[in-house]
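Remarks on the structure that follows.
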Amino acid sequence: MAVGICDDDSCDDFAMHALEETVMKKRLWIGCMVLVLLLTQGACAASTPTPLPIVITREVQTEYPEKIQDLLNVAYREWTEVGGKELKRSNKYTLWLNEFDWGWCAGFVTWCTMEAGIPQVAFTDNVRGDVEGLVHLKEASVGKMITGYMRMNRVTNVPQKGFIVVYGQRGSGGAYHVGIVYDIVDLGEGRYRLTTIEGNMSNTVRMYVHDYDMNAKKAWDMKTIPPEDQTEEMSRMFSYKLQNETWYINCFLMTWIPEADMPILSGADVTVTPAPESVSP
């Protein structure tokens, strides 16, 4: 049988068939490549987290949960009842944990939240991801408290009443001391006048008033308010002076979430270090 010999019609048919087969193969190859690209893009999109909203809510909220007002009332009551007296390191604010002596600034905060009836989450529960509603991380360690709030995505740089303020000290880390934000005056453009109530300050409960600028370099974001704005007499109970000239505000822990677009800080924005045994400004 002769091979490679054909008449005109059969050769044309053969050529046409070969051309169609080549076109089909190219179309199939192109289709496969498109499918691979689509699947690759889909996988990348699935593995890339949605970025956090960039809109920053800076307004001081005038409406907040009733139990947050209860928290403020409890903190104020304890401030007035202690009256600047020096307390032992083992006191009513530490006995919920144990009878040992320890620095009790975080213990005071937790005691007040429990007294106000705010739901508690233990550090050992290892709760992770968004947590809605009222909550407090039941801890006496500043480092564990801030870590637990970070796990729940409840750390911000915007203060609100009832939030927990976390102080750092230049050169010593960013989780040094905590207190309760009792009152706020919005000065505009990301600046706030804070009134805080804090335990374990010179072994007593003290109230402080100072200015905070969330736009300033973090290590220098606190300032003493101008003398003309200082209307109260300072004492062991109350002070306009900074707790320490080297302190700054690291962040705020959200016992409640005012709005959906409240800015959440990532781990890169927050420094977590062990807290000292005591604070003596």
Scanning for something of a type in the set (A, V, I, L, M, F, W, C), without any contact (Cβ under 8 Å) to a residue 60 or more places away in the chain, in the same structural domain as residue 198 (by TED's automatic domain parsing) and closer than 20 Å to residue 142 by Cα, does the stretch 85-96 turn up at least one residue? yes
Restricted to the stretch 96-111, and to residues that are out of contact with any Gly (no Cβ under 9 Å at 6 or more places or on another chain) and in a loop (DSSP other than H, G, I, E, B), which residue is surrounded by the most Cβ atoms within 10 Å (Cβ to Cβ)? 103
Output the strands (runs of 3 or more DSSP E) that fall wholly within the stretch 112-201 and possess 3 or more residues being not charged (D, E, K, R), or say none. 120-122, 164-169, 173-188, 191-201
Here is a list: 154, 206, 191. Which entry is under 20 Å from residue 258 (Cα atoms) and either at pLDDT 95 or above or not assigned by TED's automatic domain parsing to the domain that holds residue 241 (or both)? 191
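Residue by residue, here is whether (1) of a type in the set (S, T, N, Q); (2) farther than 28 Å from residue 116 by Cβ holds:
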position	(1), (2)
155	no, no
161	no, no
165	no, no
202	yes, no
222	no, no
246	yes, yes
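For residue 250, indicate whether it is over 23 Å from residue 69 (Cα atoms) and part of a strand (DSSP E or B).
Working: over 23 Å from residue 69 (Cα atoms): yes; part of a strand (DSSP E or B): yes.
Yes; evaluated as a whole, the condition is true for this residue.
The values are calculated or read from the model by the stated rules, or taken from the named source; none is laboratory data. All values derive from a computational prediction rather than experimental measurement. We place every Cβ from the backbone using ideal geometry, glycine too, and count neighbours over all the protein chains shown.
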